[in-house]
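Read-outs: derived from the displayed coordinates by stated rules, not from any lab. In this text, all values refer to a predicted model and were calculated from it rather than measured experimentally. Here the Cβ is made from the backbone with ideal geometry for all residues, glycine too, and neighbour counts use every protein chain on show.
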Amino acid sequence: MPYRRKTCGIFRCFSIGKSTCAANSKGVMAVDRKTIIKTDKLSKSFSVSGKQYHIIKNLDLEIYEGDFTVIMGSSGAGKSTLLYALSGMDKPSLGSIEYAGKEITGMNDDQLAVFRRKHCGFVFQQVHLVDSMSIMDNAISTGMLIGQKQKDLKKKATELFERVGISEEMTDKFPAQVSGGEAQRAAMVRAVINDPDVVFADEPTGALNSAGVEAVLNVLTDINNEGQSVVMVTHDIKSARRANRILYLEDGGIKGECNPGKYVSGDKKRHEMIRGFLEEMGW
Ligand SMILES: Nc1ncnc2c1ncn2[C@@H]1O[C@H](COP(=O)(O)OP(=O)(O)OP(=O)(O)O)[C@@H](O)[C@H]1O
Ligand SMILES: [Mg+2]
């Protein structure tokens, strides 16, 4: 029963079939699904020249297993900051984060690194490939770290590279020898090579033309259809359409959310619903 709404309460809702959208000022809509990530009063602040900037404020949020969750919001709203906290890449200032019922907030750096290696894949806003390694070696590096066979990894990576439009001979190139979009797609292959439980993607299509965007989104949609969870930050409504849940971040919290249901290509009603939601959010 994926989208049963427990209460509308303070939310302003509109819906198409089982799909819903809600605007609220405090929390997010409760639904009956298995939670994979849960934050409790999550706060993240930065100190610059003695001044504190509170970016994420007392956020209670649940990310559900098997969802394709998209986080949107204006530039500087804290989307990357939130993604880094949710994925254990950065520690919160206050509050806690549970992953599959286990608190990760108290873990030390080594424990967090093991946790991330086991469960998470990442595509960062800045691509972060290792310059001294070919894009193939970059892509398989996370698999090597967990002891998978190089031969198997290369076969899988080659297939994934093909799916995002990078031919096998290109994969010997180093990051400095490829375009921004090619580097971004290599980072995408690296993110999904281990079949992580959750793929965190921060504007993974930012440097791509429309064919590249489609290819990357198709890989994310495919792995999501295979059961992996995706949490993606984007400014792009075309990318957001792939989500079954869209969260809108503003002023350190979730201003509203839209649950348009699983992605169906060419579903105009769904697209209108997402557009209406984003307009309502002030996007
Ligand atoms: N390490 C840091 N030190 C100080 N301030 C930071 C740091 N990281 C982020 N910020 C600030 O936090 C705010 C949110 O940044 P963040 O990168 O999360 O925004 P964003 O929503 O991802 O924006 P964009 O859409 O432009 O990528 C910004 O004002 C930014 O300057
Ligand atoms: Mg960002």
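Exposure proxy ranking for V114, V123, based on other Cβ atoms within 10 angstrom of each Cβ and starting from the fewest, stands as V114, V123. If you take the square roots of the eigenvalues of the alpha-carbon gyration tensor of region 112-236 and sort them as a ≥ b ≥ c, do you get rounded (a/c under 1.5), prolate (a/b over b/c) or oblate? Note, shape of region 112-236 comes out rounded. Across the chain, Cα-Cα distances exceeding 29 Å account for 33% of all pairs. With θ taken as phi - 60° and the Karplus curve 6.51 cos²θ - 1.76 cosθ + 1.60 applied, the whole-hertz 3J(HN,Hα) list for region 48-58 is 10, 6, x, 9, 8, 10, 8, 8, 10, 10, 6 Hz, x standing for glycine and proline. For T158, T142, T205, the sequence from fewest to most other C-beta atoms within 10 Å is T158, T142, T205.
Only lysines eight or more places from K44 in sequence, or on another chain, were considered; those with a Cα closer than 26 Å are K26, K34, K57, K79, K91, K102, K118, K255.
As a proxy for reagent exposure, L112, L217 were ordered by neighbouring Cβ count within 10 angstrom, fewest first; the result is L112, L217. Less than 5 angstrom separates the built amide H of F68 from those of V230, N244, R245, all sequence-distant by 5 or more or on a different chain. Under a 5 Å amide H cut-off, with hydrogens placed 1.01 Å from N, G256 pairs with N24, Y248 among residues at least 5 apart or on other chains.
Note that region 95-100 has calculated 3J(HN,Hα) couplings of x, 9, 10, 10, 10, 6 Hz, one per residue in order, obtained from phi through the Karplus relation 6.51 cos²θ - 1.76 cosθ + 1.60 (θ = phi - 60°); glycine and proline are x. For region 60-132, the alpha carbon positions stretch 34, 32, 28 Å along the principal axes, listed from largest to smallest. Residues whose amide H lies under 5 Å from that of V123, counting only those 5 or more places away or on a different chain, are F200, A201, D202; hydrogens are built 1.01 Å from N in the peptide plane. Taking trypsin sites (Lys or Arg not before Pro) across region 201-259, none is in a DSSP loop with at most 15 further Cβ atoms lying within 10 angstrom of its Cβ. If you take the square roots of the eigenvalues of the alpha-carbon gyration tensor of region 119-177 and sort them as a ≥ b ≥ c, do you get rounded (a/c under 1.5), prolate (a/b over b/c) or oblate? It comes out rounded by the Cα gyration axes. Where only DSSP H runs of four or more residues are counted, the chain gives -10000 deg cm²/dmol as its mean residue ellipticity at 222 nm, each run worth -39500 (n - 2.57).
Helix 150-163 axis versus longest C-alpha principal axis of the chain: approximately 60°, rounded to the nearest ten.
Beta bridges assigned by DSSP with both partners in the chain are antiparallel in approximately 65 percent of cases. Where both bridge residues fall in region 148-259, DSSP classifies roughly 50% of the beta bridges as antiparallel.
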